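Below: one structure, written as structure tokens.
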Amino acid sequence: MAAAPFNDVKAYKPWEVDGKYFGDGREVALIEYMYSHPLLPQLRGNPTNILAAIDTFAQTVTGLINIGETKGEIITPLIRQNKPATMLELGGYIGYSAIMFGDALKQAGGKKYYSVEKNPLFAAVAASLVDLAGLKDTVQIIVGTGAEGIQRLFDDGSFQGKKDSRLGMVFFDHHKPSYTADLKLSEQLGLVGAQTVLVADNMILAGNPPYAEWVRASIAEKKRMVAGASTADILGNPNLQYRSRSVISFEPSGMEDALEITECVGVAA
Ligand SMILES: C[S@@+](CC[C@H](N)C(=O)[O-])C[C@H]1O[C@@H](n2cnc3c(N)ncnc32)[C@H](O)[C@@H]1O
């Protein structure tokens, strides 16, 4: 699919500073910037203004590894269309996508947006910004790896809806090699079913061939892949029928990237 053009005026500063891409104090600088912002009263309870202030920080102070506005404008309409009651995000960073997509989910009548983040400092920054945005009843930040977060939320019944534990949407934006294992864990636990929409970031930067292979494979192909796997592997559920497409877009720095958008269109008996 053709990419909407990138607006250079909104480009973030490069992520790389002295060989570091994150975790060099920029996330603490961000939270200080937000709470000393001259327009702080206008940020409170206003997700749009908060996202704009985070963007300004990343455009003028230091780049941040957020999803950004351009890719966000592809994902937010999917939330409006699909109206997920519950959405799971793996890789929350400082809460930019959790605020953007949690607000969209709330506006669409949804109940809960779970954001799993491995780094406790980033998770604390995210929780504070979610609170500032007035979204703490909708967005819950969970500290842990994707697999730990999924299992914990499953075990404590957080995903349990009226009939089952199925998630409306899942957003993969964490450790790239974990996308496939965490998707398969979600499949095995029954979190993915008919109409679940999966969105995976960074399919070009850095790319994720094992994930693309799994979500683009037919049921018969997946059964063959599983037949050759070790019993110790997380096997997923090959009976889920996916329809998947690549959508070209841009990082907030202006570099080309792609999202993989996958819809579960049915489950074979
Ligand atoms: C690209 S950032 C996420 C950006 C965020 N989704 C946004 O758009 O605002 C990736 C995040 O994944 C986290 N992460 C890395 N490995 C992880 C794992 N195994 N489980 C959960 N989070 C992880 C990193 O600490 C980092 O904050």
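The values are calculated or read from the model by the stated rules, or taken from the named source; none is laboratory data. Nothing here was measured: the structure is a model prediction, and the numbers come from that model. Every residue, glycine among them, receives a Cβ derived from its backbone with ideal geometry; neighbour counts consider all protein chains shown. For the accessible areas, the whole protein counts, side chains as well, though only heavy atoms, and no ligand, DNA or RNA atoms are used. Shrake-Rupley method; radii C 1.70, N 1.55, O 1.52, S 1.80 Å.
Stick to the Cα atoms of the stretch 63-193, pair each with every other, and give me the Kirkwood hydrodynamic radius in Å at one decimal.
After inverting the pairwise mean of 1/r, the radius is 14.5 Å.
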Label-point separation in nm, ILE204 to ARG243, each point 7 Å along Cα→Cβ:
2.5
Would you look at the GNM of the chain, springs on alpha carbons closer than 10 Å, and say which of SER244, SER178, SER158 moves the most?
SER158
With θ set to phi - 60°, apply the Karplus curve 6.51 cos²θ - 1.76 cosθ + 1.60 along the stretch 77-94 and write out the HN-Hα couplings as whole Hz, x wherever there is a Gly or Pro.
x, 5, 5, 4, 6, 7, 6, x, 6, 9, 10, 10, 10, 10, x, x, 6, 8
For VAL265, which sequence-distant residues (separation of 5 or more, or a different chain) have an amide H within less than 5 Å of its own amide H, given hydrogens modelled in the peptide plane?
GLN195, GLN241, TYR242, ARG243
Give a quick list of trypsin sites (Lys or Arg not before Pro) in the stretch 108-202 that DSSP marks as loop, anything other than H, G, I, E or B, with at most 12 other Cβ atoms within 10 Å.
LYS162, LYS163
Among beta bridges that DSSP assigns inside the stretch 66-267, antiparallel share in %, nearest 5:
45
Under 5 Å between amide hydrogens, which residues at least 5 positions from ALA258 or on another chain qualify, with H placed 1.01 Å from N in the peptide plane?
ASN202, MET203, ILE204, LEU205, SER249
Accessible area of LEU40, 1.4 Å probe, to the nearest 10 Å²?
30
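GluC sites (Glu not before Pro) within the stretch 7-64: which are DSSP loop residues with at most 12 other Cβ atoms inside 10 Å? Show your work: numbers first, answer last.
On the way: sites: GLU16, GLU27, GLU32; in loops: GLU16.
Taking the stretch 7-64 and a limit of 12 other Cβ atoms within 10 Å, the loop GluC sites (Glu not before Pro) found are GLU16.
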Please identify the GluC sites (Glu not before Pro) of the stretch 182-261 that satisfy two criteria: DSSP loop assignment and at most 11 other Cβ atoms within 10 Å. Which are they?
none
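Could you calculate the contour length gain from GLN195 to GLN107, that is, 0.36 nm times the residue separation minus the distance between their Cα atoms, to one decimal place in nm? Walk me through the numbers before you get to the answer.
Working: separation 88, 0.36 × 88 = 31.68 nm, distance 1.96 nm.
Gain in length upon complete extension: 29.7 nm.
Take every Cα pair under 8 Å in the chain that's 6+ residues apart, average their separations, divide by the length, and report that relative contact order as a whole percent.
19
Tell me the mean residue ellipticity at 222 nm calculated for the chain from its helices only (DSSP H runs of n ≥ 4, each -39500 (n - 2.57), averaged over every residue, nearest 500). Numbers along the way, then the final one.
On the way: 10 runs with 106 residues, N = 269.
Result for the chain: -12000 deg cm²/dmol, rounded to the nearest 500.
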Find the Cα radius of gyration of the chain, compare it with 2.2 N^0.38 Å by division, and give the number to two decimals.
0.99
With the full set of protein chains in place, find how many percent of the accessible area of the stretch 16-169 is carbon and sulfur; take the probe as 1.4 Å.
52
Find how many whole Å separate the alpha carbon centroid of the stretch 14-92 from the alpha carbon centroid of the stretch 163-240.
27
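In the structure shown, do any of LYS184/LYS223; LYS118/LYS163; LYS13/LYS112; LYS13/LYS71 have a Cα-Cα gap over 24 Å, and if so which? Walk me through the intermediate numbers first.
Details: LYS184/LYS223 13 Å; LYS118/LYS163 30 Å; LYS13/LYS112 32 Å; LYS13/LYS71 17 Å.
Distance filter (> 24 Å) returns LYS118/LYS163; LYS13/LYS112.
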Inter-label distance for VAL226 and VAL28, nm, one decimal - labels placed 7 Å from Cα along Cα-to-Cβ
4.7
By accessible area with a 1.4 Å probe, ligands and nucleic acids excluded, highest first: order of VAL143, VAL197:
VAL143, VAL197
Amide H to amide H under 5 Å from VAL139: which residues, 5+ apart in sequence or cross-chain, H placed 1.01 Å off N in plane?
TYR113
For the chain, what is the accessible area per residue in Å², given a 1.4 Å probe and the full set of protein chains?
45
Of ASN7, GLY168, MET34, whose Cα points farthest to the positive end of the dipole of the chain (charges on the beta-carbon: +1 Lys, Arg; -1 Asp, Glu; origin at the Cα centre)?
GLY168
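Report the full-extension gain for the segment ASP156 to ASP18: residue separation times 0.36 nm, less the Cα-Cα distance, to one decimal in nm.
Details: separation 138, 0.36 × 138 = 49.68 nm, distance 4.19 nm.
Extra length from ASP156 to ASP18 when fully extended: 45.5 nm.
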For a label point 7 Å along the Cα-to-beta-carbon line of ASP233, residues of the stretch 171-186 with backbone N under 17 Å:
177-186
